[in-house]
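Below is one structure, written out as structure tokens, with a few remarks after it.
Every number here is computed from the coordinates shown, using simple stated rules; none is lab data. Everything quoted here is computed from the prediction, not taken from an experiment. Please note: Cβ atoms are built from the backbone with ideal geometry, for glycine as well, and neighbour counts cover all protein chains shown.
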Amino acid sequence: MSSKMATMETDVLVVGGGSAGIAAATMAARNGAATVLVDAGPMLGGELNSGIPVDGCITARGDWAVGGFARELFATCARYDGYVGPVCDFRALNVVCIDPEAAKMAAIDLVYGAGVKVLMYTFADQVVSGEGHVEGVVVRNKRGRTLIRARTVIDATGDGDIATGAGCQMAVGDPSSRSMQPVSLLFRMAGVDAPRLLDFVSNAPENVSVLEYPGFAEDRNAAIRGLVEQGLPKVFFVPEGPVLGQAIAEGRMYPTSLVAITPISTGRREVSINTTRVADVDATDTGRLSAVFDDLHRQIEICSRFLQSSVPGFEDAVLSAIAPRIGIRETRRIVGDYVLTGEDILAGRKFDDGVAKGCHELDIHGSDTGHIRANIKDGGSYDIPLRCLIPKGAKNLLVAGRCLSADREAHSSARVMGSCMAMGQAVGTAAAMAREINDFGDVRDVDVGALRARLTEQGAVLEGIV
Amino acid sequence: MPAHMSIRHHDVVVVGGGAAGIAAASAAASNGADTLLIDAGPVLGGELLSGIPIDGCLNTRGEWIVGGFLTELLDDLKRMGGYVGAFFDWRTIWVVCCDPECMKLAVANRLREAGVNILLYSFVDEVVTDGGRVRGVVVLNKAGRTLITADTFIDCSGDGDVAVGAGAGFVHGGGNGVFQPVTMVFRMAGIDTQRLLDFARDHSENLALAENPWITQSREECVRELVAQGYPKVFLRADGPLLSQSIESGELYPTALIGVTPVSTQRREVSLNTTRIANIDATDTQALSAAMPQLLDQVWNCQAFMRKRVPGFEEARFAGLAPRIGIRETRRIFGEEMLAGDDVLAGRKREDGIAKGGHHVDIHGGGTDQVRKPIKDGGSYDIPLSCLLPKGLENVAVAGRCLSADRPAHGSARVMGTCMAMGQAVGTAAALACAGNSPDPVLSDVPVQALRERLVDQGAILDGTH
């Protein structure tokens, strides 16, 4: 007996409902395209639901480098009492802190509100393509199989699954060793005494990293003062400091390059903690990714005990949540019409066909305590050209998110959620415009000037900042 | 070009990592079987992670009727600070209240101790059958397709996906598109328990109390006992003045209940079971996906209502959504035998019982509708193995809400305490079957008395209670 396959037709199909995918789907729909968003999981928002702060929205100098969808998401989080706002880490970044639970609400609001047809719990199974044209994607869920035919497809899977399935050329992790940045499972603790934590930072500043970007303060002392006066639990513990260093040496903590604490709710006195890690896991190898589930949970137990016993302000704090899924920093990248380079990002290079901006530091986590970090010139931003979001040889396929076309260094900056949302907005809008212009032929036929004008009209930040 | 498919073999494969599946996998592995647990999602624990209390662990009299795996899980939670306690709702049931976030650690710990192999993010695509045997399942994930063969399969998918895929007969909900509602459970933190309990005492007309004839106390005595318990376990009824007026005025959506349950004493946090959309076929992925915005509207509506109208919630804050939509009812398979509502209501005991249920017959309908019928004498009933063996399949067992039962019996047996008991029973049965000499073990050949002895040895409660 052969099994039946249903079909569905749409203008734009977005695969992956993380920060890039929800931005892409929302903006495609708002710009008039019939849009379907498919995600394998039970919720939309991806890493926005993890508790990690949204990096890459504000330059180190303090300029917003991302607007449009991202700002709207933040405003929606605020409506759900879940917006802490921009916070400076006095180290290298201005981050935007949100309550990940409000982010779940906000993602649903924006995506469904734009009229996107959503299929959750749905796996992308096969890509139907030929000669650079993606005809559609066969998806599988409890209902069976459906061929979703689309005129433009956006790959927001993070892993470039659709591009891979369409036979596009891909790059992986470190080109020589094929090693990949560690995977992490974020967790949260509530009932943190922020003033006590900041007193401790003030009295023992050798434990935390500040002033990697020199523009934040005159000197280390002033940076620590700034951090403390900010009044929020945004603290980056490093293994070179005695508290974390000794704990690692004594086996009370696993080796890690950071215990990064971020406020996610002032009302609940709750923070997220970015610290757990297992390196060199190929997250597209599901068996391997599943096998580290246990290690990561064990690290959470260890780290929450470490914080309670060794870090003032956490004495009465309790575990309050574990992220909905393992966070993945790095897997495949497409090889696009242009490959964004580490030099481009460190120089803060601008492009005439820039459709999104990045401003996160170069940020390559290694195994254990290894971690490479470097600042963007003048604490500014760089442009991401549309060419980085079109796989070489593909006609109606766009990508957004961490599978963009970049070398490993540039990827380590552009992979963060602020940039992902900006890329998502850009390709969602481009996909919708493709219909107006050439009835969904080659996305390269979209006039980049007109796309940039549309993006700017809809709140994107493309010009006017360093 | 033919696509590649890899292959792996295990003694026992469990599909679905909810309450039933983790118990089944853990029991199978603990009893010596090489066991693989597969789930389509990124995390294990299913509804245990939702915040809803664990029903069906004690009968109305307060006797524990589920032990074994459940006891070990709760012991882990106690050690980790995630166990709140077992409480009587003074309406009709005892519930076990836990922190759903700590639960993630406890579940990981249980599976580690038992030595279960896990495969997350993996969708069961096809079931490979050979007459009345299932030879394998083909799973789909980012790494491609894998044929996973096993000697026995345990279907804990909730929806009977494996059994139905292998040709088992089934009934779907109440027939004619009638299904118990789906629910998004959510949490609120920072509640004032004393104020809530004062309100409960002074306005007990809003509470559901003394619904079970086994309770001989007056409503007034029940309220006193409930308040004396000292925990925010309160069941606001639809026909009390507060809810009925609020539903009437449109301030609150029509619902049968707002079930408030403590999840963390330290965070002063409760879960709320109240949102609902009836008659959604949760195996229709598109319909289920489309339910999301309405459920989240209800979540936000309810949290505002609680803050405004319910003393003790004035300062409380929204603290999180369950990881996924909760599903009460989809398919029930046709087993060797079908558990009947009369068996449940009569508290029928059986010599071949391998798990116990004690939850009342509890069939939620649309809006304010809910059928609730108590079990005789506040006791429990036995579930025989034959209700967990799909008719016509030799090496497949089910555990969880897809058991073989009529609709009223299912309305009781679907809860998590019972699911874990069923899971432990079939996991153990599968290990015993694989330990025999047959290359093709048949689950119904497992001697029931030997199975019962093994279960009792390992802490299961099969006898000695009402």
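List of remarks:
- Length gained when the stretch A:Asp219-A:Glu240 is fully extended (0.36 nm per residue, less Cα-Cα span): 5.7 nm
- Residues in region B:326-354 reached by a label modelled at B:Gln449 [backbone nitrogen below 19 Å; 7 Å Cα→Cβ]: B:350-354
- In terms of the mean number of neighbouring beta-carbon atoms within 10 Å, the peptides A:218-231, A:24-37 order highest first as A:24-37, A:218-231.
- Of the DSSP H helices in chain A, those whose Cα atoms cover at least 18 Å axially and whose Kyte score averages -0.5 or more: A:100-113, A:293-310, A:417-438
- Computed label-point distance, nm, for sites A:Arg79 and A:Asp294 using a 7 Å Cα→Cβ extension: 4.5 nm
- On the beta carbon distance between A:Ala204 and A:Asp378, with R0 = 41 Å, the FRET formula returns roughly 0.85.
- Helix axis angle, B:69-80 relative to chain B longest principal axis, alpha carbon, degrees: 60 degrees
- Modelled spin-label separation between A:Arg196 and A:Arg444, with each label point placed 7 Å from Cα along the Cα-to-Cβ direction: 6.2 nm.
- For B:His10, distant residues with modelled amide H under 5 Å away: B:Thr149, B:Ala150, B:Asp151
- Fully extending the segment from B:Ile7 to B:Asp406, taken as 0.36 nm per residue of separation minus the present Cα-Cα distance, adds 139.9 nm.
- Nearest-ten-degree value, helix B:193-202 long axis tilted from longest Cα axis of chain B: 60 degrees
- For the peptide B:104-114, the mean number of other protein chain Cβ atoms found within 10 angstrom of a residue's Cβ is 4.
- With neighbour counts taken as other beta-carbon atoms within 10 Å, the residues A:Glu9, B:Glu72 rank, fewest first, as A:Glu9, B:Glu72.
- Cross-link partners for B:Lys349 among the lysines, with Cα-Cα distance under 21 Å and sequence neighbours closer than 8 places in the same chain left out: B:Lys373, B:Lys376.
- Amide proton proximity set for A:Ile376, modelled H, under 5 Å, gap of 5+: A:Leu362
- As a proxy for reagent exposure, ranking A:Glu212, B:Glu248 by other Cβ atoms within 10 Å from fewest up yields B:Glu248, A:Glu212.
- Residues B:Val442, B:Val127, A:Val134 in ascending order of nearby Cβ atoms (within 10 Å, fewest first): B:Val442, B:Val127, A:Val134.
- Computed over region B:186-321: relative contact order in percent, which uses C-alpha pairs under 8 Å that are six or more apart: 37 percent
- Neighbouring partner chain Cβ atoms per residue of B:317-330, average, 10 Å criterion: 5
- Residues of region B:323-344 with amide N under 11 Å of the 7 Å Cα→Cβ point at B:Lys376: B:342-344
- Inter-site label distance for B:Arg201 and B:Arg145 at 7 Å from Cα along Cβ, in nm: 6.5 nm
- Residues A:Glu436 and A:Lys392, FRET efficiency given R0 of 25 Å [Cβ-Cβ distance, rounded to 0.05]: 0.50
- Cross-link pairs exceeding 18 Å between alpha carbons, from the set A:Lys104/B:Lys142; A:Lys350/A:Lys392; A:Lys117/B:Lys142; A:Lys117/A:Lys395; A:Lys4/A:Lys142: A:Lys104/B:Lys142; A:Lys350/A:Lys392; A:Lys117/B:Lys142; A:Lys117/A:Lys395.
- Axis of helix B:100-114 versus longest Cα principal axis of chain B: the two differ by about 20°, to the nearest ten degrees.
- Förster radius 30 Å - calculated FRET efficiency between A:Ala453 and A:Glu343 (Cβ-Cβ, nearest 0.05): 0.55
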